[in-house]
Each structure stands twice: as structure tokens, then as C-alpha cells.
């Protein structure tokens, strides 16, 4: 009586989250059981209903949903109040929960986020305090929501058949996967849309102007600047649209933060954990040796391989040349990932050591360090070719003789090593272009393919392995297959799907963002070498957007819908790359202005002052232009800003009215203005004045009482003066005559 | 029975403001009277008590004070609520006015500001709508508060006898003259304190390293950067201290703003006046021709005078040399102020044309334009000497022959004009130093003297003129002296003082700030030429601080105590000058590295690439350093930030508690967790399930009811698996063996 397969994909059994509890790691059976009981109790204590099913080998799956809507609504209300207090919402939510939810219905991502926080937040903040893979919850392998397969299918179908994404498509992502993922797609979509221009213009330049065209260089820099600044504007707009403006200000404390001391604020009674900023600053200074070390480590490998490659392909002529040519690629392929993982570990350790207080600060610091590594690994090869090999090739290549010594044993004939004498060797000016093409086309395609195919193969291989394993287990005892046989028949398909999803990787949006930012770097730094770069990226990104959607739906667990109001530290990377682009582009245009052939390895033909002047001029024009673009964009209005202004206006109006109604009770200043001066009043005043030994001040003010009397006295002064005026004017005239 | 003079200085008769109403301008007597009545009525209508006295010729003085404390408190409360709504205060003021004022007493500047706003704010915002010198209130010459002479005297005495100003001194300024004036003094005091180091270090460099020392250059740039960034930090700190953080966000609408159209927002019903940003942007583009024009106008005069000066002092040898030498100074002295006032008018017109919506934006735009004018007028002469005359003198000076033609008629002997042949003329390398000394010592001293002496002479001259005039008037008719004779004898001295204060100038803090910023420019741009610059400024600023205090107390009307949370657009000027300093200093150090003698007019000895490399390198080191300083300073804690955090915490806590008490009424999620599974409950569930044609979802969740049952089932799974585990592990081992 099992429901048809399609049904298994269509229902999630109202499950909000699945917790995978793997007890294999726990040696002691009773410990595993008591910890499991604790888990279920903790979940129940925050109002979550639980149901357990058998998982794959050595694990159980705990299904979780909110006990009732009423309970969930309470949590939603709490979350919204917290948002309001932190300034994410302009107005406090209405006092009745029901009303609040009717006015602003709960969307899927909000529901899932709130339940996730209910599960993982510390107990003192009202959560169950379950931290996957950490501390006492080491056995909790993952906490994940189930994919909505029907919606996923619709999504993929829609995307693969349409050319562009609308804002509504992005809204849908935000509603289903949260603002953080939506920001990635919004960024990539904006970037994609902006790419149309450099793609078209680049193609035209490629056809009519050739490589290293100054016109293309300028337009490319302008475009990169406008894109970066426009995105900053767009980010704010989206934040308002998605009601997340300011969420990055809500800092979550890092659990691993180790304060030096804890004091209690004398005024507020708040406990403050202190870690002195100066101490952190000292630790942060370690970033300088780190960056240098990373540059050295990666740079040494890259430079060596580069040297070997140049030597083999252009100097060496001995045996095995066709094989040896692959040597540098081999070295790079092996050494680079090793280096990078070592450096990444270092970066993480360093960031841990810097001991940040909040999750946000930690993340930003780590991202910065990773960007340094990425930057060196991605762009250094091209930098070497453009600014070392091509201009100084003729001077440097002869020193590659050092490799000769190594290679000599293999060379049968001395002549096979045509040791280049200065002047006889000619550099290969096409090398730079080839390299750029490699990084902007080949590498991108390979990357995209890897992103899709590797996880697929991994998944297939893993399930194959599982199958084989359980077959073997069946042959041995037969109990393992029997375990899933325990499933209620109508749930079989559903549970199978859940078990599959439990095996999937966790989606990390940072990786995808990083990829896009690095791609943008090639465009801003080197696209002047090969103007088709933009066109290549345009094609690639159309695929990329869809592939990423696919990846999220198929290859990964459903991401926890975190909120965000920016793409975070990557924004700084974008700005940095745009700025650096103004330097490299102008330098490349100057260096290779000689018909794209470059200085041909003769540095003599480069005029230092001209190169520097070009770069200096270009950078300052860029800075000025960027400032102008910033000012111009900041003046632009947008739907998001309008919405925000409108909300603020309404809130202010409401607050003001609330407070003014309170003010009504106060004596109003105006009332007294109309007061009549009655004889009685004046007499009363005089009496009082004589009573309390009038001071000069009292007498000063007592001379005129009420504005009518002031007006009367003033009138007298004016009338008198107006009579005098002619006499005086006459007097002045006389003065003039006298002079 | 007149009170002694000292008493007149000691009491202000409880007067808050004095309004000087000059009716001479109004031709028609009756119009003047009715307008005066309107004035007094308007004042009375907002709860102000009035009392009129005769002023000087053709004017009356209206004395104003709040009718009663209760009325004033209402206004204070309104103002504080408005602040809270705009985010200037973290918490709403307590609901009882009395309580609010007891908790946070009213200080003088707040009282005066509120009354001033009551007088000048538009009627629809609750003010009397009296706008001095504008529209229908043209006859209202000025609205000013009376000096508190006793406090002023104490202030001056204290300052002249102490070396440094403490934060409490600044607090006092803020309490009496408002935050805007206090910011000027805080800035100048910070700058003064920071100057100690470059003064000492500069003197040491001057003694031991000479001019153009690279060491001094680097340290000077570092110091300027730290000062600028530190001040930004300090500004925020002071804003929190003075409860003005965010006041610049409270925009006051400009009366002269001319919207293109007015629409009514469909959602809020708010009336919005629209002037498209794009249109303004187009108008702002006029700033480019304006800046070019200003550079051309001022530059032409300066360059011409410079040429003439060089020609006369170093080429010309004819008659009248001793007189002609003063010609350029004469031209500059006449032409510069004319040019500047023309340009200032232009700048004002341009800013008017740009049609800003708020007072703040208008002011910022105007300040920017004035800075451009100041920049050219102040620094261009030195730029010309350093970067044109010294390096290219030998090439350019011969072309000054053109002046020969003009001078020829005067020259008796042709030989008096020793027409320089290229190579024979030698430039005067001392010229640059002399010029810097002139601008940093002579000009500063002259300026300071003018600031103190000119207003004094003006005041004396004016009162002398008045005296003479009234003497003459007395001779003619005797009525004018009689006018003041009308004063009640005990008020004579007081009224005399008020009449004097009414004649004083209005203090504009921008002028003083401008002076300091321009002074900072000399330090950052050119102090490497003459390292004693810092010492000179240190002395000058000690005087300046005291002179400004004196000026405010004696020479000027008491300033209206405006609020501010920054020194405004001058901050950008500071940053700009610091940045430019990194360029000029490095260029100067390179150019004059030749023992301070400079390139001696032979540009051949300058290596273009080396100069550019120096500047390029220096600029980027500066940018990197500035970024590091920014990061470091942003991490520093300060009393202000602590105070702010504390207030925010308290507000959040209070809001949260208020809202949580509301939440108490909601069903709490936790309650259900402890629910017991009773047999009856289960049976009830089952009955319900069968009743409503159970869906798979209902059946899924019905299998385990309550966390205890989940725990029990899970225990079963784990126990079973734990039994299986060894078998399986064995199975895996077998697999290994098989491989």
C-alpha cells in the first residue's frame, strides 16, 4: 500500500527539520541512549514535536515540527520584536500575534529560520542549545530541512526556459532559501546583466581595435566602477525589499570567544566580557607575516613552475620534451591544493587566535585572509607573465640555465640544450593572451563542470558503495537491510529520500560568491589582454546561475535560510579589484601599446616615467570618477529607499501623534498669548511686586504687561522717532555739507 | 538711584532674547507700526512675554522671555520627543515633564536654542515664524541673546591663566554657546594638543636634519593622518557626550527650495515636494567650469604677480626698483579680495541654483565651493614656486622678457635690463623657504591681529561716529539724546549695554574653522620645506584659542546655540589635505633632496620616473597606512561609545521587558514539552485520526506521541544497532581482507 513515488517527492510529512543522530562515534551504548533521550527532551522543552525513524547504519533520524501554530507564532512574534529593537524593522509589530501575522504573513524561510534558531540557540536565549558536531552534541551530525521537491522542480524548469531572472524570481529564492542565498543569486544576476555590455563592446573591440586597446581599457574600468558602486546601492534596495536592512548589526556571539576578564557594568548591571582591542590588534598584526608567507609559498611554487615551463617549452629541446612539458602543470596540480589547504588551516587558526567576539567579525576576518590566498593563487601567474616575463624575459631567461644542470643527464646531445645567449632568445608575446584565455575560458568551464559532475559522481559512488556494503552485510547477517525493512510501508519512499538527503553536503554560499568575485577580478584586471573575456563570462554565468540552482536543489541539503543584508566582506574585495584594475589595465595598455607585441623582452624600450605617469594618471582619474559615480548613485532614488522613507514617515507620524496626545494635557504656550490685561490683574501684579521687595528684574518686566501694552508702547516709540526722522536726516545732510 | 555699573553687567533682567526692530527702512510710519504690532502678537502667541524699549536711532528693542517655566518645559519636552523620534536620543523622555526635567536638567544653551526656534520656526511647526531680514520681517534686524558678562569674564580669566583646555571647559562652552561652537573649540584644542609633537619633532629636525628631510616628511604625513582619523573618532565621542549624535540627520527644510512639482504619496498621504536628483546633478556639473574659472581667475593674477615679482627682484635692475618691488603685492592686495568676493558671489548663486532641499545640504555644497576658492588662493603661490619656478626657472624666466617691453620706457640705460640668456640666470632657491615662512608666520600673525584689532577699531569708530552724530543731532534739535533719556534710570546702564550689543557683528563659527583647516593645510602640504612650521602654529594657536574666546565675548553678539555633531564638510577638506600632503611632501623631498638647494632650475637633473615613483610609492603607503589607522581607531573604545552602548542596552532591555510581559499571555512553547502521554490522550488521538480520514502526514506523526515515546523508540533503534555493530564491523574487516 506504499504511495506512488511521486507522492514521496510531493509530501514532506509536515516535517520542519530532520536531525541526524549518529551514535557510532559513541563507544558506550548506554551513553548514546541517554544522550539521545536528552536530545529529544531538549527539543520537546522548546515546543517541538519529535518522531524518530531508523537512519542509515549507526544513525537515527529525528523528525521535528512545531507542536502547534500558536506556539510557533509566539516565537515569530518574539523574533520580530527583537528585530524591531535592533532597528531592523521601523515599527514594533502589532500587539496581537494573530493580527501581526495576518498583516505580514510568515513565509517559509522565516518559519524555518525561527525553528532552526529554536533548535540551536543557547538555552539562556530560549533555544534548545543543540549545536551540531560540537561539545556534548558531537553525535548530532546535522540539522537540515527537507527539500520541497515540487517547488524545486518548478524552479529549475522555469529558470532553464527563461533568459533572465526577474526580481520576483529573487523574491521567491528569498522566501524559500532565505536572504543570504538570495543575495548570491541577486549579485550574480546583476553581474550577469551588467556583463552584456562589456561582452558586446569587448567583441566589437576585439574585431576592430585588437588587443590592448586603450579605448577598451577605459570603458572596462568605467564599467567595473559603475557595477561595483551600483551593486552597493542595489544591496540596500534589496535589503529594504526583503525587510533585512540592518540584520548584520544583530551580532550573534561566538561560542569560542575567550574573554580576558568579565566585568559587571556598574550602571546597567550587564555582564560585559572584555577582550582588549589593543591585544587583538597585536594579534592581527600577524596577518602581515601571514600574507607574506602565503605570497612566498604560493609564489615560489608558481614562479618555479613558470620558470620550468618557459624553460622547457622555449629553451629546452632535449628528449622527453613532449612529456616534460606537462611537468609544471603536474607540480602545480599537486602542490597548489596542498599549499592552499595548509594556508587555509593557518588562516583559520590565525582567525581563531584573533578571538573575535561576534560571528560576523570572525567571518569577515576569515574571508579577508582567504581572499589574500585566492588572490595570489589566481592572479599571480598572469602578473608574472605580464610584468616579469614579457618585459624582462630577455634578461631573466638566460638565468634559467640553472635548470639545464638538472636536465643535462637526460640530454644525449649537448646541442639539444640551446643555451640562450642574451639577445638570441626571443620571448613569446602570445603567451600572455594564451594564459588569459586559459583562465577565463578553460578554467571556468572546467570549474563549472567540476561543480556539477564531481558531486554527482561522489553521490553515485557513495550510494554504490553503500549498496555493496549492505549487500555484503546481508550476506553476513542480513540484519542491515532488514533495518530499513522496519519502515512502515507507506513511508518507505519518503524515508529513503530523507536518508539520501541526510548524506548530502551542506551548501556554503560563500564558495559560490568567492568564485564570482574572482571571476570579476579577471575581467577588471586582465580583460584588456583579450577583450572577449566578457563574452566568455556572459555565457559561463548564464550556465552558472542555473547550475547553482540545480546544485542547491539536487546536490546539497536544503540550506538553512539565514538572513543577510549584504554580500559581506566580498564587497571590499570587489572594490579592491576594481581599483587594482585601474592600475593593471593602464600598465598593460602602455606596456603592450606596441601593436600588442609588448616590450619584447627589451626593458630598454619601456620609459619608466611614461609607465608611471600612465598608471598614476589612470589611478587618479579612476578615484575621481569613482567618487563622482558614488555621489551620483547616492542621489538616485529607488523603490527600496522610497519604501523605507515611507515607513519611517509613518512611524514618526504615529509616535509623534501618540506623544502629542500626551502633550495636550500640558498647558499650551499659546493659551496665554491671548490673555487680556484687566485692571484687576494689573493691580494684583503691583501688589505682589511691592510685597516681595521687587528686584530690578521684576520691575523691568512689570513695566509692560501683555503684548497689547508692549505694542502700544512700541507704537509710541515709533511714532516719536518717525517725527524726528526728517530732522535727523536733515542733520545728516548738513554733516555731509560740512565735510 | 541707578544701580552701580557692575550690576548692569551682572544682570540680564531675565531676558532670553532681544529683537532689534529697525523701522527706518519702512517708509510709511503706519506700516511700521502695524508690522510691529504683528511682531509682538506673534511672539505672544507662542507663549513669550515681551517688553519694548527704545533702541538706537530708528529702532526699538523688543525684550523676550518665556511666559512661565511650565510653558517652556512643554516646548522642551516637545523638542526632546522630536529628538527621540529622529534617533538622537536612544530613549523616549519620561512621560511626566517635571520628571523628565529633573532627570536631565535644562542647560542654558538648550533653553536659548528652544526659545530661538520658538521665535523663528514657521507657524505650522509651532513657532512664531519670525525670520530676521527676510520677507515680511525685513524690519527685524536681528534676534540675539544677551551676553552673560560675569560668566564670560570668568571664562576669559580661566583660559588666559591655564595652558590647556580640559573636556570640562569644552562642556562649559557647549552648555553656554551650544555644541556647534563647542565643536570648533574642541577641534582647535585637539589640533593644538596634537601640534605639540610636530612642533618638537620639527624643531629637532630643523636643528639636526635641515630642510627637506625625508624623515620629517614621513613623520609629518603620519602625524597628519593620525590626527585626521583620530578627530573623526573624537567627533563621535563628543557627540555622544553632548547628546547630539545624529542631530545632523534632523534636516531643516530650506525656505528657498523650489520644487518642480508636489505630489501626494498615495500610501501615507504625505505631501512630497520633488526636485529630480538628475536635474540637480546636471546643475552640479556647473561646478567643474566654476572650479576651472576660479583657478583661472585667481591663478592668472597670482601667476602674473609672481612673474612680475621674479622679474623685478631678480632680472630687472632699472630705476624705481625699490618701489616697483612692491607692485605685485599691491596688485595682489587689490585684486585678490575683489576676485574672491566675485567668486564667493558666484559660488552662492551656483549653490542657490542647485536648489537644495535642506539647510544642511545647502551649507555643505557652499562650503565645498568656498574651499576650492580658498585652496587656490592660499596654496597656489607656494605650488608655483615649488613646482614651477624652482625646477623650471631657467627655462621660464627668460620668457619674462615680455615685461621688459613694458618696463623699457622707464629704463634709462639698456644695460639696466640684464636680459638673462639661458644659463646665465640662476634661480633663488631660498625663495620657497621664505614664502613658506611668510605664509606660516607673518600671515598668521597678521591674521590674528586683524581678527582682534579690526573689529575693535570698527567698534570704536562706530561708537565715535554715533557720538558725534547724536551730538550734532543734539545741536540741531536735542531730541535724539532725549530718547535714551526716557529710559527708567535704574535700567540706563543695562539698556546702554544692550544697545551696544545690538550693534555687534554676528559670530560665524565657519570662518574660524576655515582658518584652522587652511592652517592645517600648510602643515600637511609644505611643512617639510621649513620644519619649524609646527612650532609657529603651536604658538599661534594658543593665542588663537584665547583670541577667539575673547572675540565671542567682546566683539560679537552672543551666538545662537545651534547644535551639531560634526565640524561638517571641513572634515572632508581635512582628509583631502592630508592625502595631498602625501603627494607634495614626497615630491618636495625628492626635488630638493640635493641639499635643499633643489634642482636649481635645471629640469635635466630631475628624473621623471624617480619623481613619479617617489610620489606613487608615497601615496600608496599613505593610503595603506590610513586604512590601518582607520581600522585601529575604529577598534578603540572610548567613554562616549561606552555611554552609547550602555544606553542602548538599557533601552533594549526595557523594550524587551515591556514586550515580553505582553508575551507572557501567549501560550509558552515550553509548557507542552512536559505533557504526559496518558492512555486516554492516545485513545483520543486515534479516534480523531480515524474520524478525519487520516492523511499520510497525520499518520506519520501519530506513530509516536510525546517526546518520551520518541525517546523509547529511538532507544530501541540504538540498542538494536549497537548489537549489530560488531557484526558489521567484522563484515567491513572481511571486505578489507578480500581486497
What number, in percent, do you get for the relative contact order of segment A:17-144 if the mean sequence gap of Cα pairs under 8 Å and at least 6 apart is divided by its residue count?
-> 30 percent
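Evaluate peptide B:41-50: per residue, the Cβ atoms of other protein chains within 10 Å of its Cβ; return the mean as an integer.
Numbers: counts 6, 2, 3, 11, 7, 5, 7, 4, 8, 9.
For this peptide, the per-residue mean of nearby foreign Cβ atoms is 6.
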Three principal axis extents, largest first, for the C-alpha atoms of segment A:39-111, in Å?
-> 50, 22, 21
Please give, to one decimal in nm, the separation of the simple spin-label points placed at residue B:266 and residue A:168, each 7 Å out from Cα toward the Cβ.
-> 1.7 nm
Could I have the simple spin-label model distance between residue B:103 and residue A:468, label points 7 Å from Cα toward Cβ, reported in nm to one decimal?
-> 7.3 nm
Mind ordering B:540-546, B:512-518, B:524-530 by average Cβ neighbours within 10 Å, highest first?
-> B:524-530, B:512-518, B:540-546
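Taking the Cβ-Cβ separation of residue B:274 and residue A:282 as r and a Förster radius of 51 Å, what is the calculated FRET efficiency to the nearest 0.05?
0.45
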Given R₀ = 41 Å, FRET efficiency for residue A:124-residue A:445 by Cβ-Cβ distance, to 0.05?
-> 0.20
Of A:175-185, A:706-716, B:606-616, ordering from highest average Cβ density within 10 Å down gives A:175-185, A:706-716, B:606-616
Using 1/(1 + (r/R0)^6) with R0 = 60 angstrom and r between the beta carbons of residue B:454 and residue A:344, what's the FRET efficiency to the nearest 0.05?
-> 0.30
Could you state the number of Å between the C-alpha centres of segment A:188-218 and segment B:132-194?
-> 58 Å
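Taking neighbour counts of Cβ atoms within 10 Å as a proxy for exposure, in what order, fewest first, do B:593, A:213, B:586 appear? Before the final figure, lay out each step's value.
Details: B:593 16, A:213 20, B:586 25.
With the sparsest Cβ surroundings first, the list reads B:593, A:213, B:586.
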What ranking of B:308, B:633, B:19 emerges when the number of other C-beta atoms within 10 Å of each C-beta is taken as an exposure proxy, fewest first?
-> B:633, B:308, B:19
Please arrange A:452, B:292, A:72 by counting, for each residue, the other beta carbons lying within 10 Å of its beta carbon, fewest first.
-> B:292, A:452, A:72
If the chain between residue A:576 and residue A:295 were fully stretched, how many nm would it gain, using 0.36 nm times the residue separation less the Cα-Cα distance?
-> 99.4 nm
Any idea how far the Cα center of segment B:529-592 sits from the one of segment A:263-338, in Å?
-> 45 Å
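Rule-based calculations on the coordinates, nothing more; no lab input. As the structure is a prediction and not an experimental result, all values here were calculated from the model. When we count neighbours, we look across all protein chains shown, and the Cβ atoms used for this are built from the backbone with ideal geometry, even at glycine.
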